[in-house]
1. Please report the net charge: other residues with Cβ closer than 11 Å to the Cβ of residue A:77, K and R +1, D and E -1.
2. With every protein chain kept in the model, how would you rank A:155, A:10, B:58 by accessible area, 1.4 Å probe, largest at the top?
3. Roughly what would the spin-label model give for residue A:51 and residue B:37, points 7 Å off Cα along C-beta, in nm?
4. For residue A:15 and residue B:53, what does the FRET efficiency come to when R0 = 22 Å and r is the distance between their Cβ atoms, rounded to the nearest 0.05?
5. Which helices count as membrane-span-like in chain B under these terms: full DSSP H, at least 27 Å along the axis by C-alpha, Kyte-Doolittle mean of 1.0 or more?
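The values are calculated or read from the model by the stated rules, or taken from the named source; none is laboratory data. These numbers come from a predicted model, not from an experiment. A quick note on method: Cβ atoms are made from the backbone with ideal geometry, for glycine too, and the neighbour counts reach across all protein chains shown. Only protein heavy atoms, including side chains, enter the accessible area calculation; ligands, DNA and RNA are left aside. Shrake-Rupley method; radii C 1.70, N 1.55, O 1.52, S 1.80 Å.
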Amino acid sequence: MTWGGVQRDEAELIDAARSGDSDAFGQLVWRYRDSVYTLAVRLVGPDLAPDVAQEALIRAWRAMPRFRGEAALGTWLHRITVNTAWTLRKRASRHDAQQLDEMLIDPSTGPERAGELAEVRAELGSAINQLSPGQRAVLVLRDVYGWSHAEVGRELGITQTTAKVRLHRARKRVRAILGETR
Amino acid sequence: MSNVICRLVSMVPADMPLNRVLEAHRDQCPRCQADVARSTGMSRELSAMGGETLRAPEGLATTVMSRLPEQDGSDPRRPLVVRIAVRYSVAAVIGVATVAALMARALSRRE
């Protein structure tokens, strides 16, 4: 991404966006839109994910003056996305479980391995879709994104113990579902 | 009996320590070992998903940019309902305190 022919540093863009520069924020949106959307898909499914990603990025813009850089911008945006998805989960639950299957294919692998991986990911995606919203959020944040139990608990408004128990149940459920399909 | 212990082992979350009896059982039980291997495999598959990025729909960025409201520095992780409730609760507390002060003043005058 260039700005008047010159690559703008992320820190510079953040500073400008914090001061209300919407063009700078636009460049940040361009950089992070895929990662925000990916997390949204994993949390609420592809049907509602565009709404969650859009709302999360708008919330991020409103809150930019608060951003102090204690965490990386990507991490901060992910936290906002989790919160947005969590507050919209009632809307999400009104939708039928969405299938991640065709979307979870790693483009960096060769064609023969890609087919195998796609099958595994499709089964995994389908199993994750069958979890309750709470179990799904904990499993995605902890096992897919590697968040700590403390971070998961803080962002979802639950205790660490609840997060651990929910994760354990989610893993067992996913394994049971995979056991049925494999 | 072994079946019961296998179930006990499976009930303990992976990142919580097992007691000595359960640990010894898990280390020599083929069923528990297979269970551990399945869990490890699944964790590996899940964490591999973390490195993947899906392409956002065309127009997402444009839609966001066309809908930007005023920046207000609000906490993005606190839902709107909570923000409204907090705002009104502050007003309610101030109102109750004012009424209480007026009542106390009226009572003290009567005395």
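1. On the way: positive: A:31, A:33, A:59, A:79; negative: none.
Net charge around residue A:77: +4.
2. Working: A:155 10, A:10 50, B:58 170 Å².
Output order, biggest surface exposure first: B:58, A:10, A:155.
3. Spacing of the two 7 Å Cα→Cβ label points: 4.5 nm.
4. Using R0 = 22 Å, I get an efficiency of 0.30.
5. On the way: long enough: B:30-49 (29 Å, -0.47); B:80-110 (45 Å, 1.28).
Counting only whole DSSP H runs, the qualifying helices are B:80-110.
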